[in-house]
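The values are calculated or read from the model by the stated rules, or taken from the named source; none is laboratory data. Bear in mind that the values here come from a model prediction, so they are computed numbers and not experimental data. Don't worry about glycine lacking a Cβ; one is built from the backbone with ideal geometry, like all the others, and counts go over all protein chains shown. For accessibility, only protein heavy atoms count, side chains too; no ligands or nucleic acids. Shrake-Rupley method; radii C 1.70, N 1.55, O 1.52, S 1.80 Å.
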Amino acid sequence: MKLNYPQLAEQKWGRFLYTLIVGIVGALLFQLLHMPIPWLLGPMILVLISSKSIRSIQPYWPSAIRSSGMIIIGYTIGLSFTLETLHEIGRQLPTMVLLTVLLLCCSFVIALVVSWVSGIPFPTVLMGSIPGGLTQMVTLAVELKGIDLTVVTFLQVSRLMMIIFFVPLLVFSPIFGVEHQNQLASTVTAVTSGWKDLFPSILVFAIVCTLFAIVGNKIKLPTAFLLGPMIATILLDLTGYHGHTLPTLIINFSQMFVGIYVGMLLKPEQLDKKLKIIVLAILSGIILISCSIGLSILLTKLHPVSLITAFLSLSPGGMDQMGIIAQEAGAELSVVICYQLFRTLFIFIGVPPLLKALFKRVLRKTAV
């Protein structure tokens with residue numbers, strides 16, 4: 001397909017406007033089709049398709065816009081960390097550490113098997129197998145050398161889509177005996193602040209979060225533009241200066257900013273053994289969900305929580321999706337959020353330096 005727009009193709013502003021329009025169309029299309037996380041996956045996939053099919057206009061997306069999207073996402077995640085959450089995490093901390101480590105160990109073993117069967121380097125497969133870490137693992141993959149970003153993103157997205165589709169089916173199946181309470185719309189409405197509620201506190205958070213992101217980037221903090229704002233938001237909130245949940249429009253656009261950037265980095269033509277990788281991704285997702293069910297049974301033995309609460313607490317999906325499902329299923333939302341948030345924090349803070357040290361060792365042995 002060939003378009004003749006020489007001025008648009010040469011000028012950065014024209015390419016930027018074209019990329020923005022493609023991203024918005026992708027997001028709206030995925031939303032119309034009721035796809036999971038449409039404002040992240042829609043722009044990612046449509047920008048990827050357009051970059052390969054329309055050669056005369058190449059997408060352009062400044063890294064500063066992607067960084068601003070990461071700052072907004074970091075702020076949003078940081079808002080979930082309240083004093084009540086801190087107390088709950090402190091009460092069940094040993095169990096959270098144990099079950100989180102066991103879940104990550106399951107991912108480690110699955111990655112070893114997938115790497116052995118597929119021939120894909122282990123560091124790449126492992127980063128694609130870390131549960132609940134799409135944004136941070138993709139961002140970290142960009143920062144590390146020798147990691148195939150396309151494979152990491154494919155494995156993460158395929159696992160996430162399986163979980164988003166299959167977990168609700170499991171939760172509302174006879175296995176758990178939960179009846180659908182149809183509270184999704186009220187839940188979404190309840191967690192979204194109006195624009196007028198943001199000021200003036202949002203200005204303080206914007207400045208502090210941006211400073212933490214810049215400083216974090218200077219000191220080589222892993223995923224600095226995500227982790228820095230998250231830490232800043234948590235510290236401000238714990239001091240008594242509370243922020244407000246952002247309007248849906250801002251959250252959507254922040255996901256789109258990141259999705260477009262990742263879509264431009266993907267190189268599907270470099271993905272070898274496509275059918276084998278797809279089959280292995282599906283099987284690894286099923287095994288990981290099965291491991292979560294086993295660990296959730298263990299959690300019910302250690303603490304007086306229901307099986308549905310335990311399962312959603314340990315499901316390898318995103319905190320926001322699991323929180324909404326927990327609300328609909330009548331699970332203990334505070335427990336679900338605490339476990340999901342702890343794993344998110346553990347993945348943000350503990351996993352990146354561990355992965356960097358592990359990968360250096362693996363690469364050193366490979367070189368020898």
Out of curiosity, is P316 at pLDDT 75 or above and surrounded by fewer than 16 Cβ atoms within 10 Å (Cβ to Cβ)?
no
Answer yes if at least one residue in segment 60-73 is assigned to a helix (DSSP H, G or I), small (G, A, S) and exposed (fewer than 13 other Cβ atoms within 10 Å of the Cβ), and no otherwise.
yes
Go through the residues of segment 77-87 one by one and say whether even a single one is in contact with a Pro (Cβ under 8 Å, 6 or more places away or on another chain) and at pLDDT 90 or above.
no
State whether one or more residues within segment 84-95 are open to solvent by 40 Å² or more (accessible area, probe 1.4 Å), part of a helix (DSSP H, G or I) and among the basic types (K, R).
yes
From the list G216, G228, G243, which residue is crowded, with 17+ Cβ neighbours inside 10 Å, within 17 Å of F342 (Cα to Cα) and not aliphatic (A, V, I, L, M)?
G228
What is the residue count in segment 37-59 for residues that are in a loop (DSSP other than H, G, I, E, B) and under 22 Å from the mean Cα position of the chain (by Cα)?
1
Of the conditions (1) surrounded by fewer than 19 Cβ atoms within 10 Å (Cβ to Cβ); (2) at pLDDT 85 or above; (3) under 24 Å from P62 (Cβ atoms), F257 clears all except one; give me its number.
(1)
Within segment 296-313, identify whether any single residue is within 26 Å of L79 (Cα to Cα), within 17 Å of the chain's Cα centre (by Cα) and either in a loop (DSSP other than H, G, I, E, B) or modelled with pLDDT of 85 or more (or both), and answer yes or no.
yes
Cβ-Cβ distance below 7 Å, separation of 6 or more or different chains: which pairs start in segment 27-53 with a residue that is acidic (D, E) and end on one that is open to solvent by less than 50 Å² (accessible area, probe 1.4 Å) and at pLDDT 90 or above?
none
Only unsatisfied item for L126, checking (1) modelled with pLDDT under 80; (2) within 21 Å of the chain's Cα centre (by Cα), is (1)
